1. For the stretch 69-121, what are the residues that are outside any loop (DSSP other than H, G, I, E, B), of a type in the set (Lys, Arg) and closer than 19 Å to residue 38 by Cα?
2. Identify the single condition in (1) assigned to a helix (DSSP H, G or I); (2) of a type in the set (Gly, Ala, Ser); (3) surrounded by fewer than 21 Cβ atoms within 10 Å (Cβ to Cβ) that residue 124 does not satisfy, given that it satisfies every other one.
3. Go through 3, 9 for me and flag whichever is within 25 Å of residue 141 (Cα to Cα), surrounded by 20 or more Cβ atoms within 10 Å (Cβ to Cβ), modelled with pLDDT under 95 and not acidic (Asp, Glu).
4. Out of all the residues in the stretch 62-73, is one or more closer than 21 Å to residue 156 by Cβ and either touching a Pro at 6+ places or on another chain (Cβ under 8 Å) or modelled with pLDDT under 95 (or both)?
5. Going by what's in this entry, would residue 42 be described as surrounded by 12 or more Cβ atoms within 10 Å (Cβ to Cβ) and part of a strand (DSSP E or B)?
6. Please specify each residue of the stretch 15-33 satisfying the condition of being among the basic types (Lys, Arg), within 20 Å of residue 93 (Cα to Cα) and either modelled with pLDDT under 80 or outside any strand (DSSP E or B) (or both).
7. Quick check, is residue 163 in contact (Cβ under 8 Å) with a residue 24 or more places away in the chain, at positive phi, surrounded by 17 or more Cβ atoms within 10 Å (Cβ to Cβ) and outside any helix (DSSP H, G or I)?
8. Give the stretch 134-151 a look and list any residue that's farther than 22 Å from residue 26 by Cβ, part of a loop (DSSP other than H, G, I, E, B) and touching a Leu at 6+ places or on another chain (Cβ under 8 Å), or say none.
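The values are calculated or read from the model by the stated rules, or taken from the named source; none is laboratory data. This is a predicted model, so every value here is computed, not measured. Positions of Cβ are generated from backbone atoms using ideal geometry, with glycine treated the same way; all protein chains shown enter the neighbour counts.
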Amino acid sequence: MWPASGKSPSACATSSPRKICWMLTTERLLLRGFMTSDAPELQRLINSRDVALNTLRIPFPYPDGEAERWISTHDETSTDRVFAVTLREKNSLVGCVGLHVKPEHDHAELGYWIGVPYWGHGYATEAAAAVVRFGFETLPLNRIFAMHFARNAASGRVLQKIGMRHEGKLRRHLKKWDEYVDLECYGVLRGEFDASSFSV
């Protein structure tokens with residue numbers, strides 16, 4: 001178990017019959033596991049065309065009951081690390097951040113989204129920095145990478161701010177709502193990781 005305090009994102013692990021819960025703290029945020037009680041607010045935030053537009057797997061409209069079903073998949077058999085992004089002072093849910101881990105390759109893909117009412121406050125940067133730091137300090141990862149739609153420049157700025165390197169573009173690589181989209185690719189290796197860059 002790791003204590004959680006101050007600005008430094010730290011992790012604590014507790015187990016229940018079904019779930020392993022990791023918690024990270026930053027200056028303004030608490031990143032924790034999703035709970036069933038989060039489903040109504042998750043549904044409200046994620047059921048947004050603006051959120052779905054720049055994410056591959058989030059549909060719009062977001063189906064009723066999907067929030068509960070999705071939360072129920074987060075159990076101890078998964079290698080992924082998925083966090084609810086909440087405000088420490090208010091305990092308000094503002095979004096999601098996580099690592100899609102491939103243990104056989106010692107790498108993980110970083111993903112995140114923030115609800116529209118909370119855009120423009122730097123929460124994505126703060127949460128992403130905490131999770132990348134967690135990935136290298138707590139998990140045996142050699143590489144963490146992320147990709148964003150080229151039209152979503154704000155996501156690119158998040159990755160640049162936390163110290164990831166731009167590694168290239170995949171042209172017309174994916175199809176979202178009948179439109180081919182370019183992907184911008186970023187990454188950071190364990191040997192390049194500097195904890196001071198991930199303490200946003």
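1. First, the residues of the stretch 69-121 that are outside any loop (DSSP other than H, G, I, E, B): 69-72, 81-87, 93-102, 107-114, 116-118.
Checking which are of a type in the set (Lys, Arg) leaves us with 69, 81, 102.
Passing the criteria: 69, 81.
2. Condition (3) is where residue 124 drops out.
3. Working: 3 fails: surrounded by 20 or more Cβ atoms within 10 Å (Cβ to Cβ).
After applying the criteria, what remains is 9.
4. Of the stretch 62-73, the ones closer than 21 Å to residue 156 by Cβ are none.
No, there is no match, as no residue in the stretch 62-73 is closer than 21 Å to residue 156 by Cβ and either touching a Pro at 6+ places or on another chain (Cβ under 8 Å) or modelled with pLDDT under 95 (or both).
5. On the way: surrounded by 12 or more Cβ atoms within 10 Å (Cβ to Cβ): yes; part of a strand (DSSP E or B): no.
Taking the combined requirement at face value, the residue does not satisfy it.
6. Going through the stretch 15-33, the residues among the basic types (Lys, Arg) turn out to be 18-19, 28, 32.
Checking the rest, the ones that are also within 20 Å of residue 93 (Cα to Cα) come to 19, 28, 32.
19, 28, listed by residue number.
7. Working: in contact (Cβ under 8 Å) with a residue 24 or more places away in the chain: yes; at positive phi: yes; surrounded by 17 or more Cβ atoms within 10 Å (Cβ to Cβ): yes; outside any helix (DSSP H, G or I): yes.
Yes; evaluated as a whole, the condition is true for this residue.
8. Kept after step one, since they are farther than 22 Å from residue 26 by Cβ, are these residues of the stretch 134-151: 140, 142-143, 147, 149-151.
After this cut, where a residue has to be part of a loop (DSSP other than H, G, I, E, B) as well, the list is 140, 142, 150-151.
Result: 142, 150.
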